[in-house]
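Structure, as structure tokens:
The values are calculated or read from the model by the stated rules, or taken from the named source; none is laboratory data. These figures come from a predicted structure and were not determined experimentally. Cβ placement follows ideal geometry from the backbone for every residue including glycine, while neighbour counts extend to all protein chains displayed.
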Amino acid sequence: MVWVQPAGFGPRSPDHGPRTRAPTDPPTCVTVTGTLSRRTATELTLAVIVFALTLALRIHGIDRHFWMLGDQIRDWNLALGRFRDLPFVGPATHVGGYTIGPAFYWILWAIRVLVGPWFDNLPHGGGIGQAAVQSAADALLLVAVWRCTSSVWVALATVILLATAAYDLALASLVWNPMMGAALAKIATALVLLGWPHRSLTGVVVTSAIAWSAVQCYTGAIFTTLSIFTAIAAGWLARGDRGGALRSVASIAVVVAALQIPIVIHQRSAPVEAPAMGAVTGSLGRIVSGEARPDFARSWAGFSGAFTFIQGAPWMGAWLIWLLTACAITVIVQYRRDPVVLAVTVLPPLLALAGYALYVGDFLDRYYYFSLMPASVLTMVLGLTAFQPPRVARAVAIALIVVGLAVTPARVKFAATLHRMPEYGMLLDGSRWLVEKGHPISGIRTDFQLPPTADPEFLYRILGGRIDPSSRAVAIITREGRATYHAK
């Protein structure tokens, strides 16, 4: 088996630690080949372990606490239908309009087909499938960083710090488009680090399609997507191949245009609906007209608060954002001649700071910034291991792994307090009990309080139960997972 070293990070050190460079060697893209079947097997084994462990953390107890609110019910209900009946656009947003393409619904439908039957097509099966996509992205990122740095320690430190973040653990197993967008952005980042877009046109097409699909899933992924496009073109230019760069840009443009065909069809068939990304275009209009001004201070506060919470919870020390800032400066200096590395590390947060400064809206929703976390965490790890002898850098990376593992129990415990719906397990048990009894009912109520947008009948219908309006009995699901029958 032949292993191809992707772009960036210089030649390998003899002890397989972080890469070293002679003082005159620029940290530009280098391609090395060799037979590395043993290493490939080791990479695959570790990737499988990372996938399994992160998936287990994300889905533990999901059939008892799945967050089944209005958005999850709406989207899973669509996934239960036929592919041809899926909408040509993405989910509606809470700030008006909708996302600009159907990628999220297409992927969710595929999850329902592949994973759903193993879990009676219940919505928590969709959560397990979505968590699997996220864990697969982590495994791919592990291999990508490992190959780029030739340091398994740097790769493990990056993935552990990223995948065990409490807020990520809390949200990764939801049927929710922002998390799917973040997972796709992570996959596209890994493909760039693996160097696939700089080896073939197929790599350019697939990577750019995944990156743009992340935007279709969630608009906030645009900053990472633009950075990935930049990395693809910059990688060719760094080699002095302008033709390759132009072909890549043209390919990206064709891919984006092709993926936008569904929304064009939608807008032609439903021209009276609210425009896609209405909040974004409205904000830009207010900036251009002079009605509002860019607010960089607010944008910085939004990003710093999100990064501190996502990566720091449950402790959330303000020092974390300043550590990231120092690491970003270090990475810019260390990899100033490697545009690919800079594009997938420091560029996404910088674009987000500029982009959200033009957004006239609130910055309290931390999930806006999820797609920026891989770039930010990788920036921090690379910054902490830069400018050091290989053995010292390896020791720092191992120390980061130890810290990451040490704080994981506290992160898992804190995640268990976020976005959980313990009533889901009661509804599931009660619905199964009602289906087994088979008595006709006109509706279902509960003797416990549900969130306002939850539907007590949704699981019952999926399991094959039928609501008969002519029935004179109403079922009331109890906290014990059983039900009682009452007259209307």
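Things to note:
- With respect to the conditions (1) touching a helix residue (DSSP H, G or I) at 6+ places or on another chain (Cβ under 6 Å); (2) hydrophobic (A, V, I, L, M, F, W, C); (3) within 20 Å of residue 155 (Cα to Cα), residue 351 lacks only one, and its number is (3).
This table checks each residue for (1) closer than 26 Å to residue 268 by Cα; (2) buried (at least 17 other Cβ atoms within 10 Å of the Cβ).
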residue: 61; (1), (2): no, no
residue: 64; (1), (2): no, no
residue: 102; (1), (2): yes, yes
residue: 116; (1), (2): no, yes
residue: 128; (1), (2): no, yes
residue: 134; (1), (2): no, yes
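- Note on the range 156-194: among residues that are outside any helix (DSSP H, G or I) and touching a Gly at 6+ places or on another chain (Cβ under 8 Å), the one that is nearest to residue 394 (Cα to Cα) is 164.
- Looking only at residues in the range 114-129 that are assigned to a helix (DSSP H, G or I) and over 21 Å from the mean Cα position of the chain (by Cα), the one that is farthest from residue 60 (Cα to Cα) is 117.
- Single unsatisfied condition, residue 406 versus (1) touching a Phe, Trp or Tyr at 6+ places or on another chain (Cβ under 8 Å); (2) surrounded by fewer than 15 Cβ atoms within 10 Å (Cβ to Cβ): (1)
- Residue within the range 365-376 that is of a type in the set (D, E, K, R) and over 24 Å from the mean Cα position of the chain (by Cα) present: no
- Test: residue in the range 356-379 that is in contact with a Lys or Arg (Cβ under 8 Å, 6 or more places away or on another chain), surrounded by fewer than 22 Cβ atoms within 10 Å (Cβ to Cβ) and either β-branched (Val, Ile, Thr) or outside the structural domain of residue 176 (by TED's automatic domain parsing) (or both): yes
- Number of the exception - residue 170 against (1) farther than 21 Å from residue 340 by Cα; (2) surrounded by 24 or more Cβ atoms within 10 Å (Cβ to Cβ): (2)
- Filtering the range 382-427 to residues that are outside any helix (DSSP H, G or I) and within 26 Å of the chain's Cα centre (by Cα) leaves 385, 416, 417, 418, 419, 420, 421, 422.
- Within the range 303-322, considering residues that are assigned to a helix (DSSP H, G or I) and either basic (Lys, Arg) or more than 23 Å from the chain's Cα centre (by Cα) (or both), the one surrounded by the most Cβ atoms within 10 Å (Cβ to Cβ): 322
- The range 437-472, residues that are part of a helix (DSSP H, G or I) and either among the aliphatic types (A, V, I, L, M) or modelled with pLDDT under 95 (or both): 437, 459, 462
- Counted residues, the range 72-93 - those being at pLDDT below 95 and either in contact with an Asp or Glu (Cβ under 7 Å, 6 or more places away or on another chain) or in a helix (DSSP H, G or I) (or both): 1
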